[in-house]
1. How much of the accessible area of the range 88-192, probe 1.4 Å, is carbon plus sulfur, in whole percent?
2. Please enumerate, by chain and number, the aspartates and glutamates with C-alpha under 16 Å from the C-alpha of Lys198, excluding those fewer than 8 residues away in the same chain.
3. What lysines does Lys126 reach when the alpha-carbon gap must be under 30 Å and sequence neighbours fewer than 8 apart in one chain are set aside?
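The values are calculated or read from the model by the stated rules, or taken from the named source; none is laboratory data. Just so it is clear, the model here is predicted, and its values are computed rather than measured. These accessible areas exclude ligands, DNA and RNA; they are computed on the full protein's heavy atoms, side chains included. Shrake-Rupley method; radii C 1.70, N 1.55, O 1.52, S 1.80 Å.
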Amino acid sequence: MRNGWSEAWSAHATSCASDTAPVTAAGRILVVDDEPYITDVVTAALRFEGFSCDEAATGPEALSRVRTGAYDLIVLDVMLPGIEGFEVCRRLRQEGDRTPVLFLSARDATQDKVTGLVDGDDYVTKPFSIDELVARVRAVLRRTGGGPEAEGRLVFSDLVVDALTREVWRGDRPIALTATEFNLLAYLVANARQVVSKAQILDAVWSEGFAGESNIVEIYVSYLRKKVDCYEPPLIHTVRRVGYTLREPRP
């Protein structure tokens, strides 16, 4: 499989690396494949197009990266060690993660393509051209609202926080927040699935050296819960003696 088309990919990556065209940030992508030469060429091409890329080589590694970071798109191989790509996508969806997924696979059976399109957002068979892959990536981002078109918009589960318009929705339901409530929620969404301490929240939302009420974080978290978590499932969770985290409820 490496002969022929992989050499063309390498040539494409070489030309990209030598080009001096300016690159601007276009979104963050996780590339998951257990074949290093495919990962190298795909990430080289996407980075040249302005995307920020992380890499993973197994299903468990992919899950770990997505659970601890935010991505605009996952380019996901189907046949992975540990956990196959379809199952990785299903687990993320079960956890409430709606990051768009573009599947890569040498499997070209109709049923595999149908599964990829039902569970994910696109399905590209190997071998393929880098130009086609980049075009598919951009098309998925346009359809799903990711990339530069969604600059300033934070999304987690059915919660959407628009930093430009300072509007918030859960699903199609608008939520009215005060300025401080909005800033606190935006901080939690930007750090989704991570546990943030009260001190970190104070520094980020009220600024370092805040001298107001000592329980101000708890007060505003309770305000948010009344407005955001009045809908199911609850997303704001207390981690005892540590702080708070935004995540889907665990089964």
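1. Ligands and nucleic acids excluded, carbon and sulfur give 49 percent.
2. Glu181, Glu208, Glu213, Glu218
3. Once the sequence-local lysines are set aside, what remains near Lys126 is Lys113.
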